Amino acid sequence: MDHLFSFEAEILDTHGKVRRFRSSNYESEARVKHKISCLPLRLDYGWNYLTLDLQDMATRIYGTGFKEVRRITVHASICVRLILFADRIVPEDELPKELRLYSKHTD
């Protein structure tokens, strides 16, 4: 993909610290610092799903739990259709029809 994109989630962890997770297609390697983690991202042409498990990321990267999202920042020269929060990963067949990337063919 030729367009630059980054998605940043700022969270409050269970220790009361503010952390940021940035995923972008201009990073070539992961970097972890005290307050921010930068993670490389590869996007294909066309529509893409981007799923971030913030609880898992907070646990794996910082050894803390996830309490709440403070802010979402999108820097994009592409179209973003929807940002969805859920307490689990939602399978595509459970999404409303208008949000599915692929429709099931019925014969």
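The values are calculated or read from the model by the stated rules, or taken from the named source; none is laboratory data. Note that the coordinates shown come from a computational prediction; the quantities given were computed from them, not determined experimentally. No Cβ is skipped: glycine too gets one built from the backbone with ideal geometry, and neighbour counts run over all protein chains shown. For accessibility, only protein heavy atoms count, side chains too; no ligands or nucleic acids. Shrake-Rupley method; radii C 1.70, N 1.55, O 1.52, S 1.80 Å.
Taking region 66-96 as the range and being more than 19 Å from Asn25 (Cβ to Cβ), exposed (fewer than 10 other Cβ atoms within 10 Å of the Cβ) and of a type in the set (Lys, Arg) as the test, only Arg88 passes. For region 11-20, indicate whether the set of residues that are at pLDDT below 85, open to solvent by 50 Å² or more (accessible area, probe 1.4 Å) and of a type in the set (Val, Ile, Thr) is non-empty. No, every residue in region 11-20 fails to be at pLDDT below 85, open to solvent by 50 Å² or more (accessible area, probe 1.4 Å) and of a type in the set (Val, Ile, Thr).
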